[in-house]
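The values are calculated or read from the model by the stated rules, or taken from the named source; none is laboratory data. The structure displayed is predicted, hence computed values, not measured ones. Virtual Cβ from ideal backbone geometry, glycine too; neighbours counted across all protein chains shown.
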Amino acid sequence: MRKVRIAQIGVNENSHSFQVFKSLKRQDDIFEIVGFALPENERTRLPGVVKNLAGYPEMTLEELLGDPTIEAVTVETDEVYLTKYARLAADHGKHIHMEKPGSPSLPDFEKLIETVKEKNLIFHTGYMYRYNPFVVELMNKIEAGELGDIISVEAQMNCLHPPKVRRWLKNFPGGMMFFLGCHLIDLIYRIQGEPKRIIPLNKCSHMDGVTAKDFGMAVFEYENGVSFAKTSAVETGGFLRRQLVVSGTKGTVELKPFEVCVDGLQYTDRTECFDPGWHTPGETSRSPMHDRYDTMMASYAAMVRGDKKNPFTPDYELAMFKALLRACGEEL
């Protein structure tokens, strides 16, 4: 198996840049890290994050983009710059793994999608729940019709962020909905497709005097039911209440807690109920311990090598991004 020659563009403070780079390093049988570039003054702004890249060559952005032997990049800048640098990488013919969800500008995102389609590039985004082993099994069961017709999806991703992070949410429409709600909307949209209507209900808790929208909520109306995404940055104990509940005419599957972290790995608990009895407890199970990022990045490498087809097309990514903006309150 040949190694994918890859480089990273940027780091960020609140997302997954270090974890993604760490996964590349850990999987040195499939990745050859050429180096990294820091185009937004990250060395001065984020020295605590940049130190995790030590041991690899720092390049200028021009050197990185101009190196024809670098076939793939990870774009891990702050969210406001993601689409800008992903577009530059696409213009130079690089396959792209981009931190979720992209920058808030729809025209810029549309241009990125146009370019990756035109150049036939891999466009892979950092939605790690796509690779959660129980999510993979759930999607297979839905596609096989084991849950019947889907009536509703309830998706929650909560936590308790410090005031500094919650103030930073002002950079985005919808605040927390844009930052973390994107993961939930990806799940809802994949399961149910385009909704009839999206009702944004994003709010500011005013906790600690923060004025950003740190409580995200959006309702998705479908022909035969209603689904919702909820993402709070002000919920004590919220991380262990992250959950996904999918209810269909034949059964319900609940993933909760969605993630429990132990020594750098995660597991997911699941309850499946296919018995119509009111008091049926359902069958419970626990996923294998897994790393959030390794399967995601290994899949990206397989796509770059041509060994695997990306099931998330550029058109899907654009449609889902539009749904996210609507959930954030943007008028499209």
Practice prompt. Please state which one of GLU13, GLU32 is under 26 Å from PRO101 (Cβ atoms) and outside any helix (DSSP H, G or I).
Written response: GLU13
Practice prompt. Confirm whether ARG2 is touching a helix residue (DSSP H, G or I) at 6+ places or on another chain (Cβ under 9 Å), within 23 Å of THR295 (Cβ to Cβ), at pLDDT below 95 and not polar (S, T, N, Q).
Written response: yes
Worksheet entry | Matching entry among LEU147, LEU82, LEU88, LEU138 (being buried (at least 16 other Cβ atoms within 10 Å of the Cβ), over 20 Å from the mean Cα position of the chain (by Cα) and not in a loop (DSSP other than H, G, I, E, B)) | LEU88
Worksheet item: Is segment 45-65 home to any residue that is of a type in the set (D, E, K, R), buried (at least 19 other Cβ atoms within 10 Å of the Cβ) and over 17 Å from the mean Cα position of the chain (by Cα)?
Response: no
Worksheet entry | Given (1) under 23 Å from CYS159 (Cβ atoms); (2) of a type outside the set (Val, Ile, Thr); (3) touching a Lys or Arg at 6+ places or on another chain (Cβ under 9 Å), index of the condition GLU223 fails | (1)
Worksheet item: Would segment 301-315 turn up any residue that is within 17 Å of SER23 (Cα to Cα) and surrounded by fewer than 18 Cβ atoms within 10 Å (Cβ to Cβ)?
Response: yes
Worksheet item: Which residues, taken from segment 40-83, are among the aromatic types (Phe, Trp, Tyr) and closer than 24 Å to LEU169 by Cβ?
Response: TYR81
Practice prompt. Could you pull out the residue among PRO107, PRO101, PRO68 that is in contact with a Cys (Cβ under 7 Å, 6 or more places away or on another chain) and of a type outside the set (Asp, Glu)?
Written response: PRO101
Discussion item. Just to be sure I understand, how many residues within segment 292-320 are in contact with a Ser or Thr (Cβ under 7 Å, 6 or more places away or on another chain), in a loop (DSSP other than H, G, I, E, B), within 14 Å of ARG130 (Cα to Cα) and of a type outside the set (Phe, Trp, Tyr)?
Written reply: 0
Discussion item. Exactly one of these conditions fails for ASP263: (1) under 19 Å from GLU137 (Cβ atoms); (2) loosely packed, with under 15 Cβ neighbours inside 10 Å; (3) acidic (Asp, Glu). Give me its number.
Written reply: (1)
Discussion item. For the list (1) part of a helix (DSSP H, G or I); (2) hydrophobic (A, V, I, L, M, F, W, C); (3) in contact with a strand residue (DSSP E or B) (Cβ under 6 Å, 6 or more places away or on another chain); (4) farther than 20 Å from ASP186 by Cα, I need the number of the one condition that LEU121 fails.
Written reply: (1)
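Quick check on segment 321-332: of everything there that is in a loop (DSSP other than H, G, I, E, B) and either in contact with a Cys (Cβ under 7 Å, 6 or more places away or on another chain) or not small (Gly, Ala, Ser) (or both), which residue is surrounded by the most Cβ atoms within 10 Å (Cβ to Cβ)?
Ranking the candidates gives CYS328 first.
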Practice prompt. Only residues in segment 272-285 that are free of Cβ contacts under 8 Å to residues at least 12 places away in the same chain and farther than 19 Å from VAL135 by Cβ count as the first member; pair them with residues that are surrounded by 10 or more Cβ atoms within 10 Å (Cβ to Cβ) and of a type outside the set (A, V, I, L, M), Cβ under 7 angstrom, at least 6 apart or cross-chain, and list the lot.
Written response: THR280/CYS273
Fill in: Count - residues of segment 46-67 that are in contact (Cβ under 8 Å) with a residue 12 or more places away in the chain and not in a strand (DSSP E or B)
14
